1. Can you sort Leu219, Leu239, Leu190, Leu203 by how many other beta carbons sit within 10 Å, fewest first?
2. Equivalent ellipsoid semi-axes for the range 114-171, as square roots of 5 times the alpha carbon gyration tensor eigenvalues: give them largest first, rounded to whole Å.
3. What per residue convex hull volume, in Å³, comes out for the range 15-146 when only alpha-carbon positions are used?
4. Just for the Cα atoms in the chain, what are the lengths along the principal axes, largest first, rounded to whole Å?
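FYI, it's all coordinate maths here, none of it is from the lab. As the structure is a prediction and not an experimental result, all values here were calculated from the model. Note that each Cβ is placed from the backbone with ideal geometry, even for glycine, and that neighbours are counted across all protein chains shown.
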Amino acid sequence: MRRLDRTGIAPPADWEARLRRNLPDRDAFFARAAELEALDLNDPVRRKGFSAFAPAVLKKTSKGRAFPLLWGAAKQALAAMSHHKCAYCESPINAERSGHVEHFRPKSLFPSLCYDWENYFLSCNGCNGQKSDKWPAQGNYVRPDQGDPAARFLFSRDGGIAAVPGDLEAENTIRDLGLDRSWLCRWRRLAMGSILDDIEGTLSLLAEAPGLEESITRLIEKQIARITGNPALPYSTALLQCVRQALEQTRARQMGRSG
């Protein structure tokens, strides 16, 4: 998960007008939303969701009552923010219809944030479908636009992912978004494979030509700079971490030999 910059991600000028046109009673909607959110997060009534709690304030459709689907207007801006990757797993999203506007705090439990752009991220179908209306009973999830999200996860060369020990939010995020799902791990491994093979091959030269240490280290650091400077690169957080691990392991081996 790479840190995202939300600067400039703003709703259209007519966003409030759209809400007024599409919500049966805007004031009633937010009043009822406040009532639901006043309940404890794990109250059974709240966990049933806003559609069950206050259907009358939602839009009437042929299938019943539902939230007006206005957040599609956010998709282009969110795609630019996450460099056309899923904000959570960094999988590439190669078509507009393949990307989903994901409510970080689900609208069923936090309806007051349903039309809040600060609550939107672009996600792939895998992460969006896995997360759905989940929200942990304890703690939160890792937000891609706050702090250093990359530092809260541990990646391995085989595409695996784990939370930094003791980080409950990272554990919640991996579990409820399925960031360790088998197909995703496979694509991470494949995306990293050839690059890591090349870097490890370069590092192996240090054992054969220790006098080239400075030159080889510069080459690796340039590769790290290219990865860091290419936010559109799929799975760049995992790749960068694994490259640094390979460099550190090589340096540790060298120190062991010299000692």
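1. Leu190, Leu219, Leu203, Leu239
2. Working through the eigenvalues yields semi-axes of 21, 15, 13 Å.
3. Spread over its residues, the Cα hull of the range 15-146 gives 119 Å³ apiece.
4. 75, 36, 28
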